[in-house]
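Novice: Attaching a single structure in structure tokens format; questions to follow.
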Amino acid sequence: MAASTEEVPKGKRVTRSVLPPQLSGGPHGLGDPDDKSLRKVEETIMIPAKMKEKAKKEKCQEEIIAFGKCSKEQGFMMPFKCRGQAKILEKCLTAWYENEEFQKQCKEEYLEERTFYRATGIKKKLRRKDAML
């Protein structure tokens with residue numbers, strides 16, 4: 001490996017990273033807050049997980065309540081007795097997962113949260129706790 005030819009003033013520390021600048025730059029070293037590009041893991045895991053959470057909490061609430069009620073009432077027979085509610089819930093969730101507008105909305109929300117985190121270093125869960133106090 002060749003030595004760096006850059007002159008570093010005495011007493012100054014130079015931070016180097018193997019990560020590209022958009023992933024290691026920014027005010028807290030968490031990435032560039034203005035970068036809107038997505039990594040593969042964000043596209044395939046993070047955004048679909050956000051979609052699933054949002055669909056369950058906001059879009060298919062009635063179906064989840066009906067399935068939960070049936071599950072409580074049936075106990076061990078739930079897999080056989082609650083098939084109808086399970087299919088209705090699955091159809092609702094699938095419809096929202098395939099909705100392009102919903103996908104775009106979740107992607108934008110994810111990018112806003114990531115931008116805030118990269119700019120401040122405060123994660124979403126910690127922000128919620130601070131707001132409650």
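Each reported figure results from applying straightforward, stated rules to the coordinates on display, with no laboratory input. Nothing here was measured: the structure is a model prediction, and the numbers come from that model. Quick reminder, even Gly has a Cβ in these numbers, built from the backbone with ideal geometry, and neighbours come from all protein chains shown.
Novice: Within a Cβ distance under 14 Å of ALA95, other residues only, what is the Lys/Arg minus Asp/Glu net charge?
Specialist: Taking every other residue near ALA95 into account, the sum is -1.
Novice: Under 15 Å from the Cα of LYS59, which aspartates and glutamates turn up, not counting those fewer than eight places away in the same chain?
Specialist: Those aspartates and glutamates meeting the cut-off are GLU90, GLU98, GLU100, GLU101.
Novice: Right, another one. Restricting things to alpha carbons, find the Rg to Rh ratio for the stretch 39-131 using the Kirkwood radius for Rh.
Specialist: When Rh is taken as the Kirkwood radius, the ratio is 1.10.
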